[in-house]
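Enquirer: The following block contains the structure, expressed as structure tokens.
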Amino acid sequence: MKLSILGSTGSIGTQTLDVVRNNNDIEVVAISANSNIELLEKQAREFNPEMICVYDVDKAEQLKTSVSDLNVKVVSGMDGLIEIATMNSADIVLTAVVGMIGIRPTIEAIKARKDIALANKETLVTAGHIIMSLADEYNVKILPVDSEHSAIFQSLQGNKRSQVSKIILTASGGPFRNSSYEDLKNVTVEAALKHPNWSMGRKITIDSSTMVNKGLEVMEAKWLFGVDYDQIDVVIQPQSLIHSMVEYVDGGIIAQLGTPDMKLPIQYALYYPDRKWLGGERVNFAEIGSITFMKPDPIKFKGFRLAYDAGRIGGTMPTVYNAANEWAVSKFLNKKIKYLDIADLIEGAMEGHKAIQNPSLEQILETEKAAHEDVEEMINKIN
């Protein structure tokens, strides 16, 4: 198997390389990063890819000098990402970049008939109608890497999609699942970054704490599995052992369980439909004793509730939801706004937007830019 990794220095990318280290039949032919050229150089020296992409053009020039002793091509920017996503030698492209920059390379990879191991939420949230249609047209597999979507994908094996009654996405509830709404008024960045179960990047950790991440996953599930929003439920499962479930028309429920380790969904996507040995902890049910469930609080987790509104409106509204959240979270991480402002800013951006149905990629990207500007304007009024 020959693998191209878009976003090799992030959380998913580095864990994907751990999977590669544990198997001797995967060749990494391309890697990319936004700007972390120090780690990217180490990866290049270990895995000897044919091509490296650095999104930051200046950093790419620096890396060219650093790896001049290697037989590797260094490319940059969006054109570079597209080049490593479509290279002839790659069999499968793992998209783990953060943000909407993942959409164009994914589209071009599909057109180049590469299977996609998808770990970039924004691609389906904002352009699901484009991506899934192209995947059908080019007979390309979209293999989910998200823990929850991988769990659903695994729970669907051997069954007919037409017999699915409901998809049940599980959520950890993040660090504030037992907090009151009042408690959230003074949440610090440091507290929001302390996830109880998972080790993830900063942005996705904040999204988990607000449950916006689960809202994005609801929108992804709609496209990945061809269900309506009324068929997607979310339940908080604090132990993070049940990664998601599928209920069938006869009332039977199939769930996928395991320890909270992203290497399993990554490896499953790369080797599907085969399963291979994977080291690590195993679930010991006798030690766990119990698995508990809670309903998400729609008032405390307003950002999560707004995802269903955005999804049902459709068109460009999910782009506004995603872009507003992205901008707001970056401001919260830089301590420019308060924690509860994140959901309020998403709501404000959605209220000010008139959705365009079946948008083109250009309209999606224009909507993203406008949403960022709207949120910035609202923040200036707050401050």
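The values are calculated or read from the model by the stated rules, or taken from the named source; none is laboratory data. Quantities reported herein were computed from a predicted structural model and do not represent experimental measurements. When we count neighbours, we look across all protein chains shown, and the Cβ atoms used for this are built from the backbone with ideal geometry, even at glycine. We work out accessible area using only protein heavy atoms, side chains counted, and drop any ligands, DNA or RNA first. Shrake-Rupley method; radii C 1.70, N 1.55, O 1.52, S 1.80 Å.
Enquirer: Just to be sure, is I266 aliphatic (A, V, I, L, M), outside any loop (DSSP other than H, G, I, E, B), open to solvent by 20 Å² or more (accessible area, probe 1.4 Å) and modelled with pLDDT of 95 or more?
Expert: On the way: aliphatic (A, V, I, L, M): yes; outside any loop (DSSP other than H, G, I, E, B): yes; open to solvent by 20 Å² or more (accessible area, probe 1.4 Å): no; modelled with pLDDT of 95 or more: yes.
No; evaluated as a whole, the condition is false for this residue.
Enquirer: I would also like to ask the following. Hey, Q154 hits all of (1) exposed (fewer than 15 other Cβ atoms within 10 Å of the Cβ); (2) in a helix (DSSP H, G or I); (3) not β-branched (V, I, T) but one; which does it fall short on?
Expert: Of the numbered conditions (1) exposed (fewer than 15 other Cβ atoms within 10 Å of the Cβ); (2) in a helix (DSSP H, G or I); (3) not β-branched (V, I, T), the odd one out for Q154 is (1).
Enquirer: I'd like to verify a number: residues in region 360-383 that are surrounded by 13 or more Cβ atoms within 10 Å (Cβ to Cβ) and over 24 Å from L340 (Cα atoms), how many?
Expert: Residues flagged as surrounded by 13 or more Cβ atoms within 10 Å (Cβ to Cβ) and over 24 Å from L340 (Cα atoms) within region 360-383 amount to 5.
Enquirer: Further, regarding this structure: Would you pick out the residues in region 3-21 that are open to solvent by 20 Å² or more (accessible area, probe 1.4 Å), at pLDDT 95 or above and not β-branched (V, I, T)?
Expert: Those that are open to solvent by 20 Å² or more (accessible area, probe 1.4 Å), at pLDDT 95 or above and not β-branched (V, I, T): Q15, D18, R21.
Enquirer: Considering (1) modelled with pLDDT under 95; (2) touching a helix residue (DSSP H, G or I) at 6+ places or on another chain (Cβ under 9 Å); (3) within 21 Å of L264 (Cα to Cα); (4) open to solvent by less than 50 Å² (accessible area, probe 1.4 Å), say which one M200 fails and leave the rest.
Expert: Only one criterion in (1) modelled with pLDDT under 95; (2) touching a helix residue (DSSP H, G or I) at 6+ places or on another chain (Cβ under 9 Å); (3) within 21 Å of L264 (Cα to Cα); (4) open to solvent by less than 50 Å² (accessible area, probe 1.4 Å) is unmet by M200, namely (4).
Enquirer: In the set F332, F304, which member is closer than 23 Å to N383 by Cα and in a helix (DSSP H, G or I)? Even if it seems obvious, please write down each step before you answer.
Expert: Details: F304 fails: closer than 23 Å to N383 by Cα.
Every option except F332 fails the conditions.
Enquirer: How many residues does region 231-263 hold that are within 23 Å of S162 (Cα to Cα), hydroxyl-bearing (S, T, Y) and in a loop (DSSP other than H, G, I, E, B)?
Expert: Here the count works out to 0.
Enquirer: Hey, any hits in region 346-359 for a residue that's open to solvent by less than 10 Å² (accessible area, probe 1.4 Å), touching a residue at least 60 places away in the same chain (Cβ under 8 Å), touching a His at 6+ places or on another chain (Cβ under 8 Å) and assigned to a helix (DSSP H, G or I)?
Expert: So far as region 346-359 goes, no, none of its residues is open to solvent by less than 10 Å² (accessible area, probe 1.4 Å), touching a residue at least 60 places away in the same chain (Cβ under 8 Å), touching a His at 6+ places or on another chain (Cβ under 8 Å) and assigned to a helix (DSSP H, G or I).
Enquirer: Go through region 269-288 residue by residue and tally those that are open to solvent by 50 Å² or more (accessible area, probe 1.4 Å) and either of a type in the set (D, E, K, R) or not in a loop (DSSP other than H, G, I, E, B) (or both).
Expert: If we filter region 269-288 for residues that are open to solvent by 50 Å² or more (accessible area, probe 1.4 Å), which is where we start, we get 272-277, 280-282, 284-288.
Next cut, either of a type in the set (D, E, K, R) or not in a loop (DSSP other than H, G, I, E, B) (or both) only: 274-276, 281-282, 285-288.
Of the residues in that region, 9 qualify.
Enquirer: Given the residues D91, D58, D69, D79, which is the only one that is in contact (Cβ under 8 Å) with a residue 40 or more places away in the chain, out of contact with any helix residue (DSSP H, G or I) (no Cβ under 9 Å at 6 or more places or on another chain) and either over 25 Å from K203 (Cα atoms) or not aliphatic (A, V, I, L, M) (or both)?
Expert: Details: D58 fails: in contact (Cβ under 8 Å) with a residue 40 or more places away in the chain; D69 fails: in contact (Cβ under 8 Å) with a residue 40 or more places away in the chain; D79 fails: in contact (Cβ under 8 Å) with a residue 40 or more places away in the chain.
Just one listed residue meets the conditions, D91.
Enquirer: Does region 207-224 contain at least one residue that is among the charged types (D, E, K, R), open to solvent by 50 Å² or more (accessible area, probe 1.4 Å), modelled with pLDDT under 95 and closer than 28 Å to A191 by Cβ?
Expert: Checked region 207-224: no residue is among the charged types (D, E, K, R), open to solvent by 50 Å² or more (accessible area, probe 1.4 Å), modelled with pLDDT under 95 and closer than 28 Å to A191 by Cβ.
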